[in-house]
Amino acid sequence: QVQLVESGGGLVQAGGSLRLSCVVSGTIFFRWNGMGWYRQAPGKQRELVATITSGGTTNYQDSVKGRFTISRDNAKKTVSLQMNSLKPEDTAVYYCRDIGNNVWGQGTQVTVSL
């Protein structure tokens, strides 16, 4: 079955950067599926951060535009999220999602301190 494994989370000071990666296994159709990054902060609902289509078209939540960049490497079956100029309000568990198969990763914690 399709599995997603995220990595790259951690603790960073405000203004810093992190790069999240999500490796997908168990599918030969990766290049045709849309992929996304979502996040969930304590006490809040999970929200969309960014998506990327099979053709590379990207979409971002307004609060991260200009700071975050989503990308994909079809050969490596990997989708990444480069996060720059991080803010304390970016603190959350970040989840990768295979939109086509509606499969989620286990999440990776991102904590941004003042």
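Points worth noting:
- Sites matching chymotrypsin sites (Phe, Trp or Tyr not before Pro) across region 29-101 that sit in DSSP coil, with at most 16 neighbouring C-beta atoms within 10 Å: Phe29
- Efficiency of FRET between Ile99 and Ser17 - r from beta-carbon atoms, R0 25 angstrom, step 0.05: 0.45
- Percent accessible area from carbon and sulfur atoms, region 17-101, protein chains only, probe 1.4 Å: 49 percent
- Square roots of five times the Cα gyration tensor eigenvalues for the chain, Å: 23, 14, 12
- DSSP-defined antiparallel bridges as percent of all bridges, the chain, nearest 5: 90 percent
- A full extension of the chain between Arg67 and Glu47 corresponds to an added length of 5.5 nm, given 0.36 nm per residue minus the alpha carbon distance.
- A 1.4 Å probe run over the protein chains yields, for region 1-100, 51 Å² of accessible area per residue, whole-number rounding.
The values are calculated or read from the model by the stated rules, or taken from the named source; none is laboratory data. Source: prediction; values computed, not measured. Positions of Cβ are generated from backbone atoms using ideal geometry, with glycine treated the same way; all protein chains shown enter the neighbour counts. These area figures cover heavy atoms from the full protein model, side chains too; ligands, DNA and RNA do not enter into them. Shrake-Rupley method; radii C 1.70, N 1.55, O 1.52, S 1.80 Å.
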